[in-house]
Amino acid sequence: MDIVLGLQWGDEGKGKFIDLISENYDITARFNGGSNAGHSIERNGQRITLKMIPSGIFMKNVLNVIGTGTVLDPISFKKEILNLKVFDGTIQPEKNIIISRKAHFVLPTHKLLDVFMEESPEYTTIGTTKNGIAQAYSNKILRQNLRVGDLFSPDFKNRVEQVMEREYRFIARENRELPSLEAITNEFFEAVEFLKQFNITETEIVLNKALSDGKTILGEGSQAAMLDIDHGTYPHVTSSSTTAAGACSGLGISPKKIGEIYGIAKAYCTRVGNGVFPTELFDELGNEIRIKGNEFGSNTGRPRRIGWLDLPALKYAVMINGVTQLVLTKADVLSGLKSVAVCTHYELEDGTIQSVSGILPETAKPILKWMNGWDADFSIIEEPTSLPQELIDFLSFLEEELEIPVTYLSTGPGREQILKMK
Ligand code: GDP
Ligand code: IMO
Ligand code: MG
């Protein structure tokens, strides 16, 4: 199994890259997260954002797996499937998506709780996507949640109602304006009926059999290293394991079966939601990059925060994931700048220098290295040899610092806008 992972705070361009390389695989498998993801794919000038559907869906011969480590919101999933069919009427998702029996449900009350916790002064505001992700995962850890496979059990309806009533009561205490419990419960059960057209199965067995039969699997990560529940910038993280190790546990595949680990990073950094961001740009340049790079959340539409590339954080992400190949995106967005900066290390308050970090202390001062910028019309570059020297120098610098090769350079949002560097 090969794996594609985000190395920063998400939205690095995983969807685009997976859409492209999934044609080389038999299976694409999402291993973590839920509808908080937004993986954009552009095809024939049209754009779609996938939340739960794996990004190999456009390859007719690829089986797409929604794995055990994910949390599935049937209401959002139904909308996504219907939207996909409008986008491309030739796709038959019921035939080539299978869902793990052990994936957990996101219930409508999880979404209400997410909104409540984000808005209540009694809780730390994370800036979540309000998809009920933390609430579904925390119920899973509490062993109070329902799994997709539970829908076959005779007491499914009662159990859902019991959990939803309990959670609804908790929020209703706060005198909030809420949709009626009956309405959201009905909507949930309708969406569960819709889900029954899909093959809900022990995906671990399907995946491991496929590997024994010599088939190839691409693990699709959502979110990214710095949003990982253990290794990210806690508490401003998501609630799942976004790492290569998360791919193994989320899919039930042994670490011995991992081959290439593609880490995706932008040539700069972005972040949506709250949390530390040492290289953040608050000036006009940050705004220019936001507009040129169309840095508005694929999922929520929120403006993304912008900053220079953060090497200490990137080195940490490469280290914990064992990344073997770097895929760099969005260097085209920086084109035209006279100079670009990279944070090479942090200086801590006591003068200590840190060159690898997963903590990014709030008070750390980012030390920037300025490099010559590049200027090119990326729409006409078809060969790595046509890239401007300044960008080649930038890539060589990253390779030296990270000790891994940059094997792909994405030069625009389009499917064909990518250069294979090695
Ligand atoms: P994901 O969550 O990692 O799949 O990334 P998103 O889809 O949320 O955000 C990446 C955005 O950048 C999308 O709008 C992509 O179409 C776009 N994109 C991807 N690669 C490139 C690139 O190399 N250059 C530019 N300009 N846009 C890109
Ligand atoms: P993809 O897969 C960017 C962020 C949210 C928030 C934090 C917690 O498209 O890269 P959550 O809803 O997960 O409880 O929110 O994580 N976040 C993402 N940021 N890309 C994503 O996914 C994200 N998924 C969650 O903005 O800061
Ligand atoms: Mg995204």
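Of note:
- Condition met for residue 99 (crowded, with 23+ Cβ neighbours inside 10 Å, aliphatic (A, V, I, L, M) and within 16 Å of ligand 3 (Cβ to nearest atom)): no
- Yes/no for residue 15 being away from ligand 1 (no atom under 16 Å from the Cβ), touching a residue at least 40 places away in the same chain (Cβ under 8 Å) and under 23 Å from residue 203 (Cβ atoms): no
- Filtered residues of segment 216-231 (kept if in a loop (DSSP other than H, G, I, E, B) and buried (at least 24 other Cβ atoms within 10 Å of the Cβ)): 221, 222, 223, 224, 228
- So residue 190, is it more than 28 Å from residue 9 (Cβ to Cβ), at pLDDT below 95 and in the same structural domain as residue 114 (by the TED database): no
- Residue that is farthest from ligand 2 (Cβ to nearest atom), among those in segment 324-367 that are of a type in the set (Asp, Glu) and over 26 Å from the mean Cα position of the chain (by Cα): 350
- Segment 1-27, residues that are in a loop (DSSP other than H, G, I, E, B) and either closer than 22 Å to residue 270 by Cβ or within 9 Å of ligand 2 (Cβ to nearest atom) (or both): 7, 8, 9, 10, 11, 12, 13
- The set of residues from segment 368-422 being free of Cβ contacts under 8 Å to residues at least 40 places away in the same chain, within 15 Å of residue 268 (Cα to Cα) and not polar (S, T, N, Q) comprises 369, 370, 371, 373.
- Breaking point among (1) in contact (Cβ under 8 Å) with a residue 24 or more places away in the chain; (2) over 21 Å from residue 407 (Cβ atoms); (3) within 16 Å of ligand 3 (Cβ to nearest atom); (4) among the hydrophobic types (A, V, I, L, M, F, W, C), for residue 296: (1)
- Note on segment 291-352: enclosed strands (runs of 3 or more DSSP E) holding 2 or more residues that are surrounded by fewer than 20 Cβ atoms within 10 Å (Cβ to Cβ) are 339-347.
- Among (1) in the same structural domain as residue 152 (by the TED database); (2) closer than 25 Å to residue 150 by Cβ - the single one residue 64 does not satisfy: (1)
- Qualifying positions in segment 28-69 - closer than 17 Å to residue 82 by Cβ, within 11 Å of the chain's Cα centre (by Cα) and not in a loop (DSSP other than H, G, I, E, B): 50
The values are calculated or read from the model by the stated rules, or taken from the named source; none is laboratory data. Nothing here was measured: the structure is a model prediction, and the numbers come from that model. Quick reminder, even Gly has a Cβ in these numbers, built from the backbone with ideal geometry, and neighbours come from all protein chains shown.
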